[in-house]
Amino acid sequence: MARFDRYRLTLRAPLHLAGRGVGMERSELTVRSDTLFSALCAALAVTHGRGAVDDLLEWFREGLTPFAVSSTFPWAGETFLVPRPRAVPAGGPARRARWLSVAVLTGLLRGEPPDDTAEPLDLGAEATAWLLPSECTALAGQQYWAITAVPRVTVDRETSASAVYRTGRVIFGHRAGLYFLVYWLDRSWEPAFREALAYLSGEGFGGERSAGHGQFRFTDPEEVEIPDVPGSPLRLTLGLYHPSAAEIRAGALDPPAAYDLETRRGWMTDLAGGGRWRKAVRMLAEGALVRGVGPVAGELVDVTPDGFTMHRVIRCGLTPTLGVNPAMVAMPTAAGGKA
């Protein structure tokens, strides 16, 4: 079993998260692991000073990785969801499910898909989930989150002409929110981590923070265990993954690896209050199946814009992973191969 700290977040306000192909009028549902890591580093710079961030990044660069965070995933009631793995049975409930519960994932990781499952349940914002029947019974009949759009007005500084646009936002119900997992290798950084998270809870995630968006409460971490097949050559990623050159040479992406690729880019705000575009980088999406990596895989990626010298700009391509029973990959994949 792999042990994680699970932080449950309850959103105090709507959440606006831009993503690839997502304009202002739409929003993603979850905060990805690279965004979460960057936000925590920015908060750490406030709570402990810029030197603490430099020290933390130096630990990672020297291979002394103290922790790895997953992406945030939805929770509803007492059911915690994870993205559908890239290699699952193509028929039955997996056919239409984007998410599955940790209880269902447990069976998949062991190579024993649970027989007692229900048809996918729509929990809101077109997020269908593969659940156990007992979980469906507990959650049925409610919408736990929704993505809506609200009007905004911008005024031209020179002409005073106004223009209306719409901003997408995620709204969570009172029995739903987001959570993330932390895999600790050195807990000496845990007090600073929690102080940074506390500061971030008041600042918020994502866009539209000047309007109060993205603020959240969080619980004390719960220690949870998720099946992890010791010594398995196949592992499942829980965050965005940027394989190192050494991992690629060792065959991390060789068959039967299965994954989707995503291009991560975005606008950054520097310490002087200015802004510019970060360099784009391609990563493997959550739920990838990769070969020959450890409990933490990947690397930090330098995406500093050309000509920017104030500080280095880093994206986190490190992810916690879970060992998978090889029998899992004998099942037909939902989409097959890599994207």
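The values are calculated or read from the model by the stated rules, or taken from the named source; none is laboratory data. Fair warning: this is a prediction, and the values are worked out from it, not measured in the lab. Here the Cβ positions follow ideal geometry from the backbone for every residue, glycine too, while neighbour counts run over all protein chains shown.
Take the conditions small (G, A, S), out of contact with any strand residue (DSSP E or B) (no Cβ under 6 Å at 6 or more places or on another chain) and modelled with pLDDT under 85 and apply them to G212. Does it pass?
Yes; evaluated as a whole, the condition is true for this residue.
Whether any residue in the stretch 201-224 is buried (at least 16 other Cβ atoms within 10 Å of the Cβ) and either among the aliphatic types (A, V, I, L, M) or farther than 27 Å from A13 by Cβ (or both) is what I want to check.
No; the residues of the stretch 201-224 include none that is buried (at least 16 other Cβ atoms within 10 Å of the Cβ) and either among the aliphatic types (A, V, I, L, M) or farther than 27 Å from A13 by Cβ (or both).
Test G77 against the criterion of being more than 25 Å from Y179 (Cβ to Cβ), modelled with pLDDT under 95 and of a type in the set (G, A, S), and give yes or no.
Criteria not met by G77.
Restricting to the stretch 221-245, and then to whatever is in a loop (DSSP other than H, G, I, E, B), within 19 Å of the chain's Cα centre (by Cα) and hydrophobic (A, V, I, L, M, F, W, C), can you tell me which residue is farthest from L105 (Cα to Cα)?
L240
Could you go through the stretch 80-98 and let me know if any residue there is among the β-branched types (V, I, T), modelled with pLDDT under 70 and farther than 25 Å from V31 by Cβ.
Among the residues of the stretch 80-98, not one is among the β-branched types (V, I, T), modelled with pLDDT under 70 and farther than 25 Å from V31 by Cβ, which makes the answer no.
More than 19 Å from H311 (Cβ to Cβ), modelled with pLDDT of 90 or more and not in a loop (DSSP other than H, G, I, E, B) - does that describe any residue in the stretch 250-257?
no
Within the stretch 288-297, which residues are over 8 Å from Y259 (Cβ atoms), part of a loop (DSSP other than H, G, I, E, B) and either free of Cβ contacts under 8 Å to residues at least 60 places away in the same chain or in contact with a Lys or Arg (Cβ under 6 Å, 6 or more places away or on another chain) (or both)? Steps first, please.
Residues of the stretch 288-297 over 8 Å from Y259 (Cβ atoms): 291-297.
Now drop any that are not part of a loop (DSSP other than H, G, I, E, B), which leaves 292-295.
Of everything in the stretch 288-297, those that are over 8 Å from Y259 (Cβ atoms), part of a loop (DSSP other than H, G, I, E, B) and either free of Cβ contacts under 8 Å to residues at least 60 places away in the same chain or in contact with a Lys or Arg (Cβ under 6 Å, 6 or more places away or on another chain) (or both) turn out to be G292, V293, G294.
Quick grid of which residues meet (1) part of a helix (DSSP H, G or I); (2) basic (K, R); (3) at pLDDT 95 or above:
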| position | (1), (2), (3) |
| --- | --- |
| M24 | no, no, no |
| E28 | no, no, no |
| S38 | yes, no, no |
| L57 | yes, no, no |
| A68 | no, no, yes |
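Working only within the stretch 225-269, note down all residues that are buried (at least 22 other Cβ atoms within 10 Å of the Cβ) and either without any contact (Cβ under 8 Å) to a residue 12 or more places away in the chain or among the aromatic types (F, W, Y) (or both).
Hits for the stretch 225-269 are Y241, Y259.
Can you tell me which residue in the stretch 1-22 is modelled with the lowest pLDDT, limited to those that are more than 20 Å from E195 (Cα to Cα) and among the aliphatic types (A, V, I, L, M)?
Looking at the filtered set, the residue picked out is V22.
Tell me, yes or no, whether the stretch 177-194 has at least one residue that is surrounded by 15 or more Cβ atoms within 10 Å (Cβ to Cβ), closer than 18 Å to T148 by Cβ and modelled with pLDDT of 85 or more.
Within the stretch 177-194 (the criterion being surrounded by 15 or more Cβ atoms within 10 Å (Cβ to Cβ), closer than 18 Å to T148 by Cβ and modelled with pLDDT of 85 or more), the answer is yes, since at least one residue qualifies.
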